[in-house]
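Since the structure comes first, as structure tokens, the remarks are kept for the end.
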Amino acid sequence: MNRKFLSTLAILAVLLLAAAPLCAKPWGIVATGADYYGTDNASLHVIDLGAVPPVVYGPFLQDYFINDEALDIAMLPGNRKALVSAFLNQQVHVVNLADPTNPVVERSFDLPFPAEDIAISRNKKLALVTDGSGSSWVAFINLQKATANSIQLGEGKYAQAVAIARNNVAMFADYFNGAIHYGKINKARNGLESVQTIALCDAGQYDNATDCMGPVGLPVNISISPDGKTALVAPSNGGVVFVLKITNKGGVLPGEPFILTGLPGGPLGEGNDGGQQSISFQDKNTAYVVSQRRPLEAPGAVVVPGGIAFPGAEGDRPNQLSLIRILGPGKAEFVAARYTLLNSPIYQYFGVDTLDIFNRYALAGNANDFISPPYDNPYYNNVAFIDLITGVLTPIELNNYGAAAGVAIKP
């Protein structure tokens, strides 16, 4: 081997080492609310999760979130871009993350409603956005043509969260009616062919396909397995998760069992002990759920713009990260509450994904009350980085005093 070739190899090695900090994998992306002390607007942070300890960059893009809340994050094809919902300004921003330490807004879509939850289709051509203020509005963003239009599900039907299953089936969480609405996306990708409904009933409490005889689940989020055959629904009013089977033809049926019990939060419809916020699949067989325990002496839920609040709460009851095992299409079992998280929020978001998982790592944000300073929650501007194999949880503090909300992991 000649010296010239060895020198070339040496130069390449130096260049690779120099570039290593920017190529460290994975990266965390965090949306935050406004700074409680009035010094910063809502923003994005990015975190080099490959560094030890993790390195936080930001806050970024504050000019795009003036008097606003940055809430949900959905990663786009290739993981070089993300969609971020701007709640009060009624916008969705497309953020270029090619250089994670310098996020850039490429374009923004204006919507006729407060933007909160975002879901991206499996073919990466369409994004759906739902309203955080309790209406039936749904936006269809054509990612190829860079256009957006909005429809309403229909009279009496609400859309607080959205997910897109295989066969272009869209699913919507209706908190106020305790139901899931679903329908096939049309060929023009600007509406639904039809809308059907399945009620979220307690075990054995079905009256018919759309009504319950007993307590109903009040859904705030939906997540679909990587194989597209199982949907898990997170309700805010109990220690349960609803299981749905997605058929080959795009139908939605109760799973087996339909309702998983035993998660933190107590029986469905009894008391006010807690509920579930976000669900993320590690693979087609494993899912984790952010389970929120109501702070001690919390009064009844109050629906506020963007979510559900429990004002006047006292005490410190941190979130739990619970494990669910998928046994087959539409079949699941609750395993255990595996991790105690940092935050003890008194707030739940509609549809915002406060949990994301990439391989063995999980990143958990904080569904927090952005109305008043959380004096009883010292970790409100932290995220939890968890190694799901070793069980090590690392608190990561952001660079301002805005509460961490939606999170995503960029491979």
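The values are calculated or read from the model by the stated rules, or taken from the named source; none is laboratory data. Note that the coordinates shown come from a computational prediction; the quantities given were computed from them, not determined experimentally. All Cβ positions, even for glycine, are placed from backbone atoms using ideal geometry, and neighbour counts span all protein chains on display. What goes into the accessible areas is simple: the full protein's heavy atoms, side chains included, and nothing from ligands, DNA or RNA. Shrake-Rupley method; radii C 1.70, N 1.55, O 1.52, S 1.80 Å.
Listed values, structure above:
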| item | result |
| --- | --- |
| Selection count where residues are modelled with pLDDT of 95 or more and in contact with a Gly (Cβ under 8 Å, 6 or more places away or on another chain), scope region 119-135 | 1 |
| Pair list, Cβ < 6 Å and 6+ apart or interchain, from region 63-81 residues that are in contact (Cβ under 8 Å) with a residue 24 or more places away in the chain to residues that are surrounded by fewer than 17 Cβ atoms within 10 Å (Cβ to Cβ) and polar (S, T, N, Q) | K81/N96 |
| All positions within region 147-201 that are assigned to a loop (DSSP other than H, G, I, E, B) and within 22 Å of the chain's Cα centre (by Cα) | L153, K157, Y158, A159, Q160, Y175, F176, N177, G178, L200 |
| Residues of region 109-135 classified as within 19 Å of V303 (Cβ to Cβ) and either outside any loop (DSSP other than H, G, I, E, B) or open to solvent by 10 Å² or more (accessible area, probe 1.4 Å) (or both), total | 9 |
| From the options L83, L88, L71, L76, residue that is closer than 23 Å to A163 by Cα and open to solvent by 40 Å² or more (accessible area, probe 1.4 Å) | L88 |
| Single residue of I279, I308, I324 found to be under 18 Å from the mean Cα position of the chain (by Cα), at pLDDT below 95, under 20 Å from S223 (Cα atoms) and among the β-branched types (V, I, T) | I308 |
| Flag for L388 being of a type outside the set (G, A, S), touching a residue at least 60 places away in the same chain (Cβ under 8 Å) and surrounded by fewer than 21 Cβ atoms within 10 Å (Cβ to Cβ) | yes |
